[in-house]
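What follows is one structure encoded as structure tokens, with my remarks underneath.
The values are calculated or read from the model by the stated rules, or taken from the named source; none is laboratory data. Since the model is a prediction, treat every value here as computed from it, not as a measurement. Positions of Cβ are generated from backbone atoms using ideal geometry, with glycine treated the same way; all protein chains shown enter the neighbour counts.
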Amino acid sequence: MNKAKQIGIALWLVGLLLSSGCSSQPVFPPYDGEVLKIAVLGTTPDVREDHIDLLEISFDEFSPDKLAQFDAVFIMRDKLSEAAESQYASVYPESHVPFFFMESNTDAYPFTDPELDYDDAREIPYHNYYATSFLETPDGEQRFSRYSLHNDEMTEQNVKALYSDIFGIIESGM
């Protein structure tokens, strides 16, 4: 084999090794913590974890007493508008469990303020949040957080990775 061909093959192998070590999509580990029991208003999300109990509830069960048995509540996109109706505004601060408003780029105010309507709520400018959370602790402290997908890309992998992250946040007590 001539020297030019050997150099060409060596450069090709080095390039192959370098390109195989670079991944455009990072690996997101699934949640491996404690078993969590989560109430879901709306369509149950598809998650990677088998040890998460996602239990669909109705608005008939949407009261502080009934929600106290859960580690968190997910309000899915198809129920956001109804969940922001004024009769439910007191449920959020009185339940003392974290609420996650999925696929909502608004703050939690349309849910906790009976005067605000979800459909009229202003989206958070210059951001594309996938979810917002709200928790009022028994001592009256209110905690809000917002969550984005990796690179703001709506892919199945990124959505499932965000749910895994949220499960860890719930376990940690927010």
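Scan the stretch 88-112 for residues that are more than 18 Å from Ile169 (Cα to Cα), hydrophobic (A, V, I, L, M, F, W, C) and at pLDDT 90 or above and the total you get is 2. What residue, among those in the stretch 122-151 that are touching a Lys or Arg at 6+ places or on another chain (Cβ under 9 Å) and aromatic (Phe, Trp, Tyr), is modelled with the highest pLDDT? Ranking the candidates gives Phe134 first.
Filter the stretch 131-174 for residues that are aromatic (Phe, Trp, Tyr) and either surrounded by 15 or more Cβ atoms within 10 Å (Cβ to Cβ) or in a helix (DSSP H, G or I) (or both); which is farthest from the chain's Cα centre (by Cα)? Among those residues, the one meeting the criterion is Phe134.
For first residues located in the stretch 147-174 and among the small types (Gly, Ala, Ser), partners that are part of a helix (DSSP H, G or I) and lie 6+ apart or on another chain with Cβ distances below 7 Å form the pairs Ala161/His150. When the stretch 48-63 is filtered for residues that are within 18 Å of Gln157 (Cα to Cα) and surrounded by 18 or more Cβ atoms within 10 Å (Cβ to Cβ), only Ile52 remains.
Here Lys66, Lys37 are screened, and the one residue that is part of a strand (DSSP E or B), surrounded by 10 or more Cβ atoms within 10 Å (Cβ to Cβ) and modelled with pLDDT of 95 or more is Lys37.
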